[in-house]
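Take a look at the structure set out below.
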Amino acid sequence: MSSQEENIKIRTSGVTVHYGAAQALHGIDLDIRANEVTALIGPSGCGKSTFLRCINRMNDVIEDCHFGGKIEIDGEDIYSGEIDVVELRARVGMVFQKPNPFPKSIYDNVAYGPRIHGLASSKDELDHMVETSLRRAGLWQEVHDRLHTSGSGLSGGQQQRLCIARTIAVDPNVVLMDEPCSALDPIATAIIEELIEELRSQYTIVIVTHSMQQAARVSQRTAYFHLGHLVEHGDTDRIFTNPANKQTEAYISGKIG
Amino acid sequence: MTDRGPQKNDPIRAARQAQRLKKRYRKERRFRAFGMSAVLLATGILAFLMTSIVYTSIPAFTHHNLTLDVTIIAEEVDILRDDQGLVTNVDANWLGFVRTALRDSFPEVTSRRDKRDLYKLLSIGAPDAVRDAVQADPNLIGQTIQVRLPLSDDIDLVMKGLIDRNLPETDRLVSDRELAWLDKFIAEQRVSENFAIQLFANGDSREPEMAGLKGALMGSLLTMLVTLLISFPLGVLAAVYLQEMAPKNRLTQIIEVNINNLAAVPSIVFGLLGLAVFISFFQLPRSAPLVGGMVLALMTLPTIIIATRASLASVPPSIRQAAMGVGASRLQVIMHHVLPLAMPGILTGTIIGLAQAAGETAPLLMIGMMAFIVDTPTDVTSKATVLPAQIYMWANNPERAFVARTSAGIVVLLSFLLLVNGLAIYFRKRFEKRW
Ligand SMILES: Nc1ncnc2c1ncn2[C@@H]1O[C@H](COP(=O)(O)OP(=O)(O)OP(=O)(O)O)[C@@H](O)[C@H]1O
Ligand SMILES: [Mg+2]
């Protein structure tokens, strides 16, 4: 194995997804490297979210959704019988398009994951975990004096950072983000992008985005999807400067999508 | 493009447009007027109904009593004592004491028939008042005491002006002589109007002035308790399973359709079912709140299930995703997030179902809860009736005084429902306040 190979965190091979009779993904082969941000781009409805949900098996709960192919994380087939879905989702966290804090206090939002997984053995340890997560999500300064007020009372950008804090509180090694900034203004977006850059050193991040600039800014690798096919993937710098595929070029330059 | 510009400034067109606009406003005003009159009509009818019921019920909340000097002859009282010599019970011919007191007030009444008429001034509950007084204080034995004795229902109606004194004697329930006796007592200031504690302290009775709602209230309470304890957990569990966990296949679809149908089944059918299954097959006691509660629980189940499913479905999917995203199991998602958020809706549905059940008589008819039961039920297996059944039975009684009693029963039932609804709103608010 080369050093390049060793660095691969997630390997998907021949991933197909059907919603009922409609096929949403056609054989996706994509390797995602550890400690890198991989951006998934492509026109609406091309299957980016579907692909992302395959990685933490969120598709399992969707009626009539059928998965085919293979996804390995750290060399382990996550669709094999031995995998515990709940444990998998603790390892592969997810941040959603619209901020969705629990209707609970800020503290309880962040503490929820550690609580259900029994990660903290004492109240102090839990307090510490909550603080660390909020600090890493860049929210501590703003909320440390109102941890016990409702999470829904925060601004949209703060809520999204709270959701990120909630996700990293269970200490996952992969963080999936589905258009995390689409509901946010440019300033909140910039804060989150900064955050992604900081988180990269510790996590493997896969982010879906509709903003080419964002993909270019935050990601090291980019994958371009079109109508359920993975058209092209590679280093972000190359994809944006010198795409190999005509479709990719057209999309990036704003001609389609 | 070119021929559009001039048209815009066309005065005919502008006038037509203004007219159309006016017509549209007129239409809106008309619609608003219709809506408002509908609301007014509905509230008006309701207000009329309520005022007439409350107005009719007022006489039932008071009763006229006669204060008499009753001599408790010591030799005629049996006193039961326990080992320590404390009085446990007293027994005597209380009726005899009362009658003596009445006769003493009118020495001129001597014939048997006249005496019988004289005794009829007082309610048959009068001796009980004497007994209660003596039982409360055995030291009174051997003394002459002043006791407040309830007047009979017809005399009470005369006092309340509900029987017209000026009618010819033949058209009146109360004879001239009885009126004369009454007038003497009134002149002696022995007649007083008091709060009718009997209405709440007594069970049912054939005598309107002695008939009370205690038994029916207790029966309703016990029945509702059984209904709640069965239908709430069962309904919520069934709804959570169907909504959140069950596979969507033919079988669950059939179950779903049938639950919806069940909500539309006439309530008497549930009574027949209860009779056939609970009483005939399982040999559970008749006329008992246990069976009544079980039957009403069956009736309430679909309401609770449907309401619970609706409020579960209205929990935003983003909350479920968020919880699953941090690795909560399906059960944890439900217990920690979905159910608490759905709780206000579930409680509302439950209360609506219970309120419906509390006003139900038809199914209880089948299992013998529409019965003349004097004793207040003490547990869920003792014989009992419920408020609406009690109201219905009173409404069927011929005595005039039951008219007011019936309305009073309705007022109590409505207050009971209001109280339950108030409690529900309180709990809802508490639940919602958590966030
Ligand atoms: N729950 C579902 N049931 C049925 N079809 C679905 C479901 N979710 C997605 N699809 C279909 O799968 C295809 C891919 O959808 P997906 O949400 O993955 O697209 P996307 O790339 O994320 O689009 P967008 O950028 O608009 O979010 C679409 O054709 C969509 O209609
Ligand atoms: Mg999407």
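Each reported figure results from applying straightforward, stated rules to the coordinates on display, with no laboratory input. Only a predicted model underlies this, so the values are computations on that prediction, with no experimental measurement involved. A quick note on method: Cβ atoms are made from the backbone with ideal geometry, for glycine too, and the neighbour counts reach across all protein chains shown.
Odds and ends about this structure:
- Any hit, the stretch B:191-204, residues being on the phi < 0 side of the Ramachandran plot, in contact (Cβ under 8 Å) with a residue 24 or more places away in the chain and over 28 Å from the mean Cα position of the chain (by Cα): yes
- The stretch A:106-143, subset farther than 26 Å from B:Met335 by Cβ and of a type in the set (D, E, K, R), residue nearest to the other protein chains (Cβ to nearest Cβ): A:Arg136
- Selection count, the stretch A:51-77, where residues are within 14 Å of chain B (Cβ to nearest Cβ) and near ligand 2 (Cβ under 10 Å from one of its atoms): 2
- Of all residues in the stretch A:28-84 being within 16 Å of ligand 1 (Cβ to nearest atom) and of a type in the set (Lys, Arg), the one that is surrounded by the most Cβ atoms within 10 Å (Cβ to Cβ): A:Lys48
- Taking the criterion of being over 18 Å from B:Leu414 (Cβ atoms), among the polar types (S, T, N, Q) and touching a Gly at 6+ places or on another chain (Cβ under 8 Å), the residues of the stretch B:190-228 that qualify are B:Gln198, B:Asn202, B:Ser205, B:Thr227.
- Residues within the stretch A:174-188 that are within 13 Å of ligand 1 (Cβ to nearest atom) and more than 12 Å from every other protein chain (Cβ to nearest Cβ), tallied: 3
- Qualifying residue in the stretch B:239-246 (condition: crowded, with 18+ Cβ neighbours inside 10 Å, among the charged types (D, E, K, R) and either in contact with a strand residue (DSSP E or B) (Cβ under 8 Å, 6 or more places away or on another chain) or assigned to a helix (DSSP H, G or I) (or both)): yes
- The set of residues in the stretch B:345-379 being among the aliphatic types (A, V, I, L, M) and within 20 Å of B:Phe278 (Cβ to Cβ) consists of B:Leu354, B:Ala357, B:Ala358, B:Ala362, B:Leu364, B:Leu365, B:Met366, B:Ile367, B:Met369, B:Met370, B:Ala371, B:Ile373.
- Those helices (runs of 4 or more DSSP H) of the stretch B:316-435 in which at least 2 residues are small (Gly, Ala, Ser), considering only elements entirely within it, cover B:317-325, B:339-358, B:387-395, B:401-433.
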